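Here is the structure we will look at.
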Amino acid sequence: MDTRIEAELAEQVDKLAARYRQLAEWLGQTIADLESAGRPPSIEILHDLQHSRTKFTDLRDRVHLEAAAEGIQPLPEPDHLISLDDLRQLLARVEDSRTRMLRRKETCKRAQDVLDRVLAIAHRDDPDFAPLAECQARARDLRQQAAEIALSGDADPPADMLDEVQAVADGHHPFCDLLCQVEEHESLDDERWHDITAHISRAFGKPLATAAARGKLRAGLHGGAPTPAPAASASTAAKGRDAAKGRDAARGRDAAEGGDATKGLDTAPGAFAAPSADAAPSADASQSPADAPAPAPPSEPARVAD
């Protein structure tokens with residue numbers, strides 16, 4: 001139920017209750033007049049009684065309709081709601097149900113976010129690593145259950161299912177331990193590392209626990225499989241390669257100062273050799289034609305390096 005509708009219905013109940021108190025005073029005077037002087041009730045008081053009855057029936061039907069829409073179970077029949085107190089109690093049940101469902105949806109959302117991160121984990125060397133695939137299949141099933149719980153309304157889901165979703169949301173589940181091992185691998189102290197590895201091994205098997213402990217698993221983008229990055233333009237790619245070459249050249253100079261300019265470099269030998277003064281500059285094969293340097297005009301003599 002919309003909170004505004006709930007507030008409006010509660011306000012209508014209070015207004016009708018105030019009207020009933022006023023009618024009670026008039027009826028008291030009417031009864032006194034009827035007993036003492038035999039004066040019959042006025043047409044106005046009879047009209048007000050009928051109008052208040054109609055107002056109650058309309059309000060009762062609205063409260064019952066909103067309670068049904070909220071999924072309140074068990075829901076009394078409209079004819080069993082015979083007083084304003086009955087309407088207040090039903091509205092209180094609606095509010096409790098709405099609050100409980102909001103909390104449940106928040107719990108399911110937190111659990112789904114955790115499970116999305118589990119589903120985004122990948123093996124660094126083996127994209128078809130079976131232990132990880134089995135673990136993620138379980139995570140996918142639990143995520144589906146969390147989605148069903150979020151849509152269950154006032155109905156209570158199986159207790160074990162709800163408890164497991166709650167444990168994931170609160171960070172007390174082996175899926176959370178796996179994420180901790182993968183995402184915080186370098187910052188774990190020894191005791192925490194051993195505890196988490198043991199939890200993962202018991203829940204998902206030793207092969208997955210070993211892979212996580214050895215840093216073979218990497219975290220991916222949240223929300224499932226990592227999304228491929230958009231392809232860079234030719235000029236952007238060329239700039240990136242130039243920057244990488246600059247970094248590699250800097251590493252080479254640092255290594256040379258240490259005594260061996262070739263140790264620790266990942267590039268092929270000769271990649272950083274200075275070009276000959278007489279050699280004409282050649283276009284980088286990785287550059288696109290648009291980014292390659294233009295050749296010098298034929299009439300211009302070649303410059304001698306300083």
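The values are calculated or read from the model by the stated rules, or taken from the named source; none is laboratory data. The structure presented is a predicted model; accordingly, all values stated were derived computationally and were not measured. Note that each Cβ is placed from the backbone with ideal geometry, even for glycine, and that neighbours are counted across all protein chains shown.
Looking only at residues in region 150-169 that are outside any loop (DSSP other than H, G, I, E, B) and touching a residue at least 12 places away in the same chain (Cβ under 8 Å), which one is nearest to Gly215 (Cα to Cα)?
As a first pass, look at region 150-169 and keep what is outside any loop (DSSP other than H, G, I, E, B): 150, 159-169.
Retained after the next criterion (residues that are touching a residue at least 12 places away in the same chain (Cβ under 8 Å)): 150, 161-162, 164-166, 168-169.
Numbers: Ala150: 35, Met161: 31, Leu162: 32, Glu164: 27, Val165: 27, Gln166: 28, Val168: 23, Ala169: 25 Å.
Across region 150-169, the extreme among qualifying residues is Val168.
I'd like to know if region 90-98 contains one or more residues that are over 17 Å from Ala212 (Cβ atoms), among the polar types (S, T, N, Q) and modelled with pLDDT of 95 or more.
The initial filter retains those residues of region 90-98 that are over 17 Å from Ala212 (Cβ atoms), namely 90-98.
If we keep only those that are among the polar types (S, T, N, Q) too, we end up with 97.
Those still in the list that are modelled with pLDDT of 95 or more too: none.
No; the residues of region 90-98 include none that is over 17 Å from Ala212 (Cβ atoms), among the polar types (S, T, N, Q) and modelled with pLDDT of 95 or more.
So which residues in region 127-143 are loosely packed, with under 12 Cβ neighbours inside 10 Å and of a type outside the set (A, V, I, L, M, F, W, C), if there are any at all?
Pro127, Asp128, Asp141
Taking the options Ser152, Ser235, name whichever one is at pLDDT below 80, under 30 Å from Pro74 (Cα atoms) and either out of contact with any helix residue (DSSP H, G or I) (no Cβ under 6 Å at 6 or more places or on another chain) or not assigned by TED's automatic domain parsing to the domain that holds Val114 (or both). I'd like the intermediate steps shown before the answer.
Numbers: Ser235 fails: under 30 Å from Pro74 (Cα atoms).
Only one candidate qualifies: Ser152.
Among the residues of region 8-49, what is the count of those that are surrounded by 13 or more Cβ atoms within 10 Å (Cβ to Cβ), of a type outside the set (D, E, K, R) and within 20 Å of Leu87 (Cα to Cα)?
The qualifying residues number 9.
If a residue must be without any contact (Cβ under 8 Å) to a residue 40 or more places away in the chain and either polar (S, T, N, Q) or more than 21 Å from Ala155 (Cα to Cα) (or both), how many such residues does region 47-77 contain?
Looking only at that region, the number is 13.
Could you please give the count of residues in region 45-96 that are of a type in the set (Gly, Ala, Ser), farther than 30 Å from Thr30 by Cβ and assigned to a helix (DSSP H, G or I)? Let's see the steps before the verdict.
So the first thing to find is which residues in region 45-96 are of a type in the set (Gly, Ala, Ser), and the list is 52, 67-69, 71, 83, 92.
Then drop every residue that is not farther than 30 Å from Thr30 by Cβ, which leaves 67-69, 71, 92.
Filter once more, keeping what is assigned to a helix (DSSP H, G or I): 67-69, 92.
Count: 4.
Which of (1) without any contact (Cβ under 8 Å) to a residue 12 or more places away in the chain; (2) assigned to a helix (DSSP H, G or I) does His172 not meet, given it meets every other one?
All conditions are met except number (2).
List pairs: first residue in region 108-121 and without any contact (Cβ under 8 Å) to a residue 60 or more places away in the chain and crowded, with 22+ Cβ neighbours inside 10 Å, second residue β-branched (Val, Ile, Thr) and in a helix (DSSP H, G or I) anywhere in the structure, Cβ distance under 6 angstrom, at least six positions apart or on different chains.
Filtered contacts from region 108-121: Ala111/Val165; Ala111/Val168.
List, please: which pairs have Cβ atoms under 6 Å, are six or more places apart or on different chains, and start with a residue in region 196-213 that is surrounded by 21 or more Cβ atoms within 10 Å (Cβ to Cβ) and end with one that is in a helix (DSSP H, G or I) and of a type in the set (D, E, K, R)?
Ile196/Asp177; Ile200/Asp177
Only one of Leu179, Leu115, Leu132, Leu142 is of a type outside the set (Val, Ile, Thr), closer than 17 Å to His199 by Cβ, touching a strand residue (DSSP E or B) at 6+ places or on another chain (Cβ under 8 Å) and part of a helix (DSSP H, G or I); which?
Leu132
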